[in-house]
Amino acid sequence: MIEAVQLVLFSKEATKARDYLKKVLGLKFVHPPKAASDEAWTNFDLGPSEWAVHDEVTVYGDGKTFTAPHPFAMSLQVADFSAAYEQILARGGRFEEEPKDLGFGYGAMLCIPGAPSLLMFEPKKK
């Protein structure tokens, strides 16, 4: 029934954001545009995806509480965080912070031009 999840990122600098996704993250278009002017309505292929449903408020064993700031969140999951992190930095990408242990994985907030930053992380191995 459902074939995919479409994510739409609204950016104040959409052209820069699309260029960043192509050049820094290495994403490819689902269907390459015929002209540069067509890129505004062209989607990137994200490959496999997951849809999680978590509690809005979580109380951890140490008593710390996490409350979701929004009803939806988008993050980028990678198989090898260190390799992806170094590739992105080498291509001119930036992160808001140094990578850290997040409890559920290892990651950092990736800056996207004209848009909110996204968490990029490698999940803990089970």
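Coordinate-derived values only; no laboratory data. Model, not experiment: these values are computed from the prediction. Here Cβ is always computed from backbone atoms with ideal geometry, including for glycine, and neighbour counts include all displayed protein chains.
Treating the angle as unsigned and between 0 and 90°, give the value, to the nearest 10°, between the Cα long axis of helix 14-23 and the longest Cα principal axis of the chain.
80
Against the 2.2 N^0.38 Å scaling, with N counting residues, where does the stretch 2-59 land? I'd like the Cα-based Rg ratio to two decimal places.
1.42
What is the Cα coordinate range of the stretch 56-126 on the first, second and third principal axes, sorted by size from largest, in whole angstrom?
40, 31, 17 Å, listed from the longest principal axis down.
What ranking, highest mean first, results for peptides 56-69, 11-24, 32-45 when packing means the other Cβ atoms within 10 Å averaged over each residue?
11-24, 32-45, 56-69
Using +1 at the C-beta of Lys and Arg and -1 at the C-beta of Asp and Glu, which of ALA108, ALA73, GLY92 has the Cα lying farthest in the positive direction of the dipole of the chain?
Checking the options against the dipole of the chain, the answer is GLY92.
Along its principal axes, what span do the Cα atoms of the chain show, with the longest given first and each in whole Å?
Reported extents, whole Å, longest axis first: 54, 39, 29.
Counting only residues 5 or more places away or on other chains, whose amide H sits under 5 Å from the amide H of LEU76 once H atoms are built in the peptide plane?
For LEU76, whose amide H was placed from the backbone, the distant partners under 5 Å are LEU119, MET120, PHE121.
Based on the alpha-carbon gyration tensor of the stretch 32-90, what equivalent-ellipsoid semi-axes (square roots of 5 times the eigenvalues) come out, in whole Å, largest first?
Those come to 34, 19, 11 Å.
Measure off 7 Å from each Cα along the Cα-to-Cβ vector at TRP51 and LEU9, then give the distance between these two points in nanometres to one decimal.
2.1
Report, in deg cm²/dmol and to the nearest 500, the calculated mean residue ellipticity at 222 nm for the chain, where each DSSP H run with n ≥ 4 adds -39500 (n - 2.57) and the sum is divided by the residue count.
That calculation yields -4500 deg cm²/dmol at 222 nm.
If a paramagnetic tag sat 7 Å from the Cα of LYS100 along the Cα-Cβ line, which residues of the stretch 110-126 would have the backbone N under 15 Å from that point?
It comes to 110, 119-121, nothing else.
Using only Cα atoms and rounding to the nearest 10 degrees, what angle (0 to 90) does helix 81-90 make with the longest principal axis of the chain?
40
Taking the Cα centre of the chain as the origin, how large is its charge dipole in debye, to the nearest 20, when only Lys and Arg (+1) and Asp and Glu (-1) carry charge on their Cβ atoms?
In total the dipole reaches around 340 debye.
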